[in-house]
Amino acid sequence: MSSMSSIYLDHNATAPMAPEVLEAMRPHWLAAGNPESRHSAGRSARRAWERAKETVARILGADPSEVVFTSGGTEANNLALFGLAGRDCGPASVVSSPIEHPAVAEPLARLETDGYIVKRPMISLDGVVNVGDFAALFQAETRLATLMLANNETGAIQPVKELTERASVLGIPVHTDAVQAVGRIPVDFHALGVTTLAASAHKFHGPVGSGLLLVRKGTTLAPRLFGGGQQGGRRPGTSCVALAVGLAEALARWHEESGARMTRWRTLRDRLEFGVVTNLGTDAVVRNGPLDEAHRLPQTLNVGFPGIDGDALMIQLDLAGIAASQGSACASGATAPSPTLIAMGVPADRLRSSVRFSLGAQTREAEIDEAVERIVSVIRCIAPKAVATGLS
Ligand code: PLP
């Protein structure tokens, strides 16, 4: 591998679409046929649409009637949160983790301005919510609980199933933002016991602009859009068959090789961490997130380099041809430290110098070895300057 080739380790921001997914979508972009039309072109589009729903439902442990296709994770989260919170008459509260993605945190902030009380438990340094602390915030007026399945920054897998067990006793619906979990770990909608679940195709090599919300049968969900009544009125608008087919194809490809992908990811993720730690020392590289494998996404590594200037680090990594991320992609460019790491209580000396490396289906060992070399030389290059700045 040439030293100037770029190494893409930012799949939690977006994962490039697989060529096979593009091929699967191609005929549906070119074909005429609205799935709502009754002529044969319409019926053919309808069959492809229904097949996509069936594939998704089978892999995610849902019924096809529970699948609502959306424009992505942001829309799916908004639909669930506003759709389940209902109209506010009398006191109403929502309980949420303090580490949600802006696609959940921002709708909750809007609910707060509309008069809802949003409660959030504290979270410990490992970035995993304590179910007891979370459930302790449930009250008679709690309308909804929301807990992401895996954190986008640390890859920490959250105890969603344990939470739904506590919430269901009280009749509280639970939404989970599973955008970073679907396509990385097995996800079973019914087994999780949640009311709604959001996912997004571009995180697992599907098309960007395509996502879904699973909505448990019998749930009343107030729609955000009004129009032609498509998708049972839950998300009206002419259905984009190609985007649904692309999502389903990408998910099916993940499902076929999920065991092998997860094993390879864990090996490569640990090789990356081990390589950097071995070269720089355990004091110079500190992992952010859980220690135990059961609570870790297989392809996400978040590490802090204490005392290193975060902006310089990101610039130098980019110049060295490494695409990684500081905080979430939507917040990149901003110099504010990550709200997730702040909520976890990550010490100040590595708040701004933490980097997320996230692997994809095509990440290979040679790239990881090359990445280790480049990361190590970037840190060695900027470390003395950071020390000098500290002394001046
Ligand atoms: N939720 C999480 C946890 C995410 O990481 C993201 C994207 O980064 C989203 C939601 C938003 O998904 P989309 O980009 O499909 O709108």
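The values are calculated or read from the model by the stated rules, or taken from the named source; none is laboratory data. Just so it is clear, the structure is predicted and the values come from calculations on it, not from any experiment. Note: ideal-geometry Cβ built from the backbone for every residue, glycine included; neighbour counts use all protein chains shown. Side chains are part of the model used for accessible areas, which takes the heavy atoms of the whole protein and leaves out ligands, DNA and RNA. Shrake-Rupley method; radii C 1.70, N 1.55, O 1.52, S 1.80 Å.
Observations
- Within the range 281-298, being touching a residue at least 40 places away in the same chain (Cβ under 8 Å), part of a loop (DSSP other than H, G, I, E, B) and open to solvent by 20 Å² or more (accessible area, probe 1.4 Å) holds for 284, 291.
- You will find that of 326, 362, the residue that is open to solvent by 10 Å² or more (accessible area, probe 1.4 Å) and at pLDDT 90 or above is 362 and no other.
- Residue 194 within 30 Å of residue 86 (Cα to Cα), open to solvent by less than 40 Å² (accessible area, probe 1.4 Å), more than 13 Å from the ligand (Cβ to nearest atom) and modelled with pLDDT of 95 or more: yes
- Where helices (runs of 4 or more DSSP H) sit wholly within the range 2-106, those with at least 1 residues that are in contact with a His (Cβ under 6 Å, 6 or more places away or on another chain), closer than 30 Å to residue 363 by Cα and not aromatic (Phe, Trp, Tyr) occupy 40-60.
- If the condition is being open to solvent by 20 Å² or more (accessible area, probe 1.4 Å), in contact (Cβ under 8 Å) with a residue 24 or more places away in the chain and more than 14 Å from the ligand (Cβ to nearest atom), then the range 200-219 contributes 216, 217, 219.
- Test: residue in the range 313-323 that is of a type in the set (D, E, K, R), away from the ligand (no atom under 16 Å from the Cβ) and over 20 Å from the mean Cα position of the chain (by Cα): yes
- Residue within the range 84-93 that is more than 16 Å from the ligand (Cβ to nearest atom), under 19 Å from residue 194 (Cα atoms) and open to solvent by less than 10 Å² (accessible area, probe 1.4 Å) present: yes
- Qualifying positions in the range 1-25 - open to solvent by 80 Å² or more (accessible area, probe 1.4 Å) and free of Cβ contacts under 8 Å to residues at least 60 places away in the same chain: 19, 23
- Of all residues making up the range 169-186, the number that are within 13 Å of the ligand (Cβ to nearest atom), in contact (Cβ under 8 Å) with a residue 60 or more places away in the chain and touching a Leu at 6+ places or on another chain (Cβ under 6 Å): 2
- Restricting the range 121-132 to residues that are away from the ligand (no atom under 16 Å from the Cβ) and within 23 Å of the chain's Cα centre (by Cα) leaves a set whose member that is nearest to residue 289 (Cα to Cα) is 126.
- Scanning the range 34-55 for residues that are within 15 Å of residue 231 (Cα to Cα), of a type in the set (A, V, I, L, M, F, W, C) and out of contact with any Ser or Thr (no Cβ under 9 Å at 6 or more places or on another chain) yields 48, 52.
- Answer residue from the range 299-316, given it is polar (S, T, N, Q) and assigned to a strand (DSSP E or B) and is surrounded by the fewest Cβ atoms within 10 Å (Cβ to Cβ) among those: 300
- Sole residue being away from the ligand (no atom under 16 Å from the Cβ) and at negative phi, chosen from 97, 71, 44: 44
- Candidates are the residues of the range 133-152 that are part of a loop (DSSP other than H, G, I, E, B) and small (Gly, Ala, Ser); the one that is farthest from the ligand (Cβ to nearest atom) is 140.
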